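**Student:** Sharing a structure, written as structure tokens. Questions coming.
Read-outs: derived from the displayed coordinates by stated rules, not from any lab. Keep in mind that what you see is a predicted model, and the values were worked out from it rather than measured. A quick note on method: Cβ atoms are made from the backbone with ideal geometry, for glycine too, and the neighbour counts reach across all protein chains shown.
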Amino acid sequence: MRKIGAILMIVIITSFSMLGCGDGSEQAVLVPFSIEVNPPVITHAYVGQAYTFSVTISSEESGKAVNISALVNDCYLTINPDKIKPGEVSKVVVVPLDSSVGKTLVINIEGERGGLIERATVSIQMGDTGDTGEGI
């Protein structure tokens with residue numbers, strides 16, 4: 001009976017170490033977050049005018065920063081700051097170029113922390129220059 005008890009204890013102890021329990025190491029837990037950008041749409045925009053989007057992060061883990069990046073065509077783009085913690089605000093400033101006239105510009109904004117990525121999409125609806133060339 002003692003042998004069966006001893007064998008059973010050995011099986012239980014080795015099972016815990018194979019499952020990663022009780023070995024003293026802790027794995028990092030990735031805490032999800034969400035990204036919010038305002039305003040979602042800007043209409044009747046014009047070339048050369050700076051348009052600002054506010055980026056905020058929501059997360060249960062307040063101490064770790066999220067890296068902010070953005071991508072858009074036909075514009076100058078700046079991000080400040082490019083790393084924020086929940087409760088802080090990053091500003092994405094977009095300045096449309098001449099090649100953007102009459103287009104809808106789609107700005108893809110991404111937040112990354114510890115390998116987790118969240119994305120948001122906002123847009124700028126460009127007006128035309130007002131100069132149609134008619135009546136000349």
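**Student:** For residue 43, put the label point 7 Å out on the Cα→Cβ axis and report which residues of segment 88-125 keep their amide N under 15 Å from it.
**Tutor:** In segment 88-125, the label zone of residue 43 (backbone N under 15 Å from the point 7 Å along Cα→Cβ) covers 104-105, 123-125.
**Student:** Please give the contour-minus-distance gain from residue 80 to residue 112: 0.36 nm per residue of separation, less the Cα-Cα distance, rounded to one decimal in nm.
**Tutor:** Numbers: separation 32, 0.36 × 32 = 11.52 nm, distance 1.54 nm.
Here the answer is 10.0 nm.
**Student:** Collect residues whose amide H, placed 1.01 Å from N in the peptide plane, falls under 5 Å from the amide H of residue 107; neighbours closer than 5 in sequence don't count.
**Tutor:** 122, 123, 124
**Student:** What is segment 34-136 by shape, rounded, prolate or oblate, if you read a ≥ b ≥ c off the alpha carbon gyration tensor as root eigenvalues and call it rounded for a/c under 1.5, prolate for a/b larger than b/c, and oblate otherwise?
**Tutor:** Numbers: a/c = 3.17, a/b = 3.12, b/c = 1.02.
Cα axes put segment 34-136 in the prolate bin.
**Student:** In sequence order, what are the phi-derived ³J(HN,Hα) couplings for segment 87-95 according to the Karplus relation 6.51 cos²θ - 1.76 cosθ + 1.60 with θ = phi - 60°, rounded to whole Hz, with x for glycine and proline?
**Tutor:** Going residue by residue, I get x, 9, 10, 10, 10, 9, 9, 10, 10 Hz, with x marking Gly and Pro.
**Student:** Per 0.36 nm of contour for each residue apart, how much would the distance between residue 65 and residue 125 grow if the chain were fully extended, relative to their Cα-Cα spacing?
**Tutor:** Numbers: separation 60, 0.36 × 60 = 21.60 nm, distance 3.13 nm.
Roughly 18.5 nm would be gained on extension.
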